[in-house]
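The values are calculated or read from the model by the stated rules, or taken from the named source; none is laboratory data. As the structure is a computational prediction, the values presented were derived from the model and not from experiment. We work out accessible area using only protein heavy atoms, side chains counted, and drop any ligands, DNA or RNA first. Shrake-Rupley method; radii C 1.70, N 1.55, O 1.52, S 1.80 Å.
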Amino acid sequence: MDDCVFCKIVRGDIPCRKVYDDGELLAFHDIHPVAQVHIMLIPKLHLASLMEADGSHEALLGKMLLLAPKLAKKQGLSNGFRTVINTGKGGGQEVFHLHIHIIGGNIPPMVRRD
Ligand code: AMP
């Protein structure tokens, strides 16, 4: 995908602060972190969002979810972390290349009860 920012990162056309790389997956620091740790975990394959995923992506998605706690731990998040997958415009997605946000540090609960 020529104009996809995450495909450009995969190709090395634009830089990133990489924390993980293998044949299928790439993880790097978010350019606008919302917490002390904010990592983007992406497949190298261009998949616009979860809405475009199907059975052929089952192993890939499972691999991403199983990698998330390992990356979080490596970033020092031994006490836990948040994963977020924004899907589609209605889900607040801005970069249309599937990604998991791995967020941690001193973060508040997602739902305020006050
Ligand atoms: P989303 O709203 O789920 O699509 O989130 C996209 C995320 O990608 C945002 O948190 C952005 O800060 C992040 N982002 C966009 N461009 C870059 C980039 N070049 N390097 C790292 N993170 C990026």
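Between Ala59, Ala35, Ala27, which is under 10 Å from the mean Cα position of the chain (by Cα) and either on the phi < 0 side of the Ramachandran plot or open to solvent by 90 Å² or more (accessible area, probe 1.4 Å) (or both)?
Numbers: Ala59 fails: under 10 Å from the mean Cα position of the chain (by Cα); Ala35 fails: under 10 Å from the mean Cα position of the chain (by Cα).
Of the residues listed, the single one that is under 10 Å from the mean Cα position of the chain (by Cα) and either on the phi < 0 side of the Ramachandran plot or open to solvent by 90 Å² or more (accessible area, probe 1.4 Å) (or both) is Ala27.
Going through Thr87, Thr83 one at a time, which residue ends up being under 14 Å from the mean Cα position of the chain (by Cα), at pLDDT 95 or above and assigned to a loop (DSSP other than H, G, I, E, B)?
Thr87
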